[in-house]
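Colleague: This is the structure I want to talk about, given as structure tokens.
The values are calculated or read from the model by the stated rules, or taken from the named source; none is laboratory data. A quick note: this is a predicted structure, and the numbers were derived from the prediction, not measured. SASA here: full protein model, heavy atoms, side chains in, ligands and nucleic acids out. Shrake-Rupley method; radii C 1.70, N 1.55, O 1.52, S 1.80 Å.
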Amino acid sequence: QVQLVESGGGLVQAGGSLRLSCAASGRTLSRYNVGWFRQAPREEREFVAAISGRTGTTNYADSALGRFTISKDNAKNTVYLQMNGLKPEDTGVYYCALDGGLPIKRSSGEYDYWGLGTQVTVSS
């Protein structure tokens, strides 16, 4: 019954910004760790950022640290990924995912539920 819907992707020039949203139904996000992952064509899915449900603790990949910010709005049951200073290497399909365990995980195999993704393309 859980559904995760990502939105906010698109085409942006290098140096620009996008805000991705992950809206959940069937589960309360405050009870789960929520991770953002991305996957470029023909490459493995990689961790970007995560936020814990219980404490709001955040965790960022080195590539995202200082440029991306993960946050959540519990009233809207939505998690956001604000992406600033985008680079062409940020291009890929971005997915949100839920994991009920602690601590926050960086491996995609540790997450239980996934959205269908939203495309982010950064031109040089």
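Colleague: Near K87, which lysines are there with a Cα under 26 Å away, not counting those fewer than 8 places off in the same chain?
Modeller: Leaving aside lysines fewer than 8 places away in the same chain, those within reach of K87 are K72, K105.
Colleague: Moving on to the next point. Each residue of segment 60-66 in turn: what ³J(HN,Hα) in whole Hz from Karplus with 6.51, -1.76, 1.60 and θ = phi - 60°, glycine and Pro shown as x?
Modeller: 10, 5, 4, 5, 9, 4, x
Colleague: Accessible area per residue for the chain in Å², computed with a 1.4 Å probe and the full protein assembly in place, what is it?
Modeller: Result: 51 Å² per residue.
Colleague: Another question, then. Got a number for carbon plus sulfur as a percent of the chain's accessible area, 1.4 Å probe?
Modeller: C and S fraction of accessible area: 45 percent.
Colleague: Looking at the chain, what % of its DSSP beta bridges pair antiparallel, to the nearest 5?
Modeller: 90 percent
Colleague: Run the numbers for V5 and S17: contour at 0.36 nm per residue of separation, minus the present Cα-Cα distance, in nm. Could you put the intermediate results ahead of the total?
Modeller: Working: separation 12, 0.36 × 12 = 4.32 nm, distance 2.00 nm.
Using 0.36 nm per residue and subtracting the Cα-Cα distance, I get 2.3 nm.
Colleague: At 0.36 nm per residue, minus the direct Cα-Cα distance, what do E44 and D73 gain on full extension? Give it in nm, one decimal, please.
Modeller: Taking E44 through D73 to full extension adds about 7.5 nm, to one decimal.
Colleague: What number, in percent, do you get for the relative contact order of the chain if the mean sequence gap of Cα pairs under 8 Å and at least 6 apart is divided by its residue count? Before the final figure, lay out each step's value.
Modeller: Numbers: 310 pairs, mean separation 43.8, N = 124.
Reported as a whole number, the value is 35 percent.
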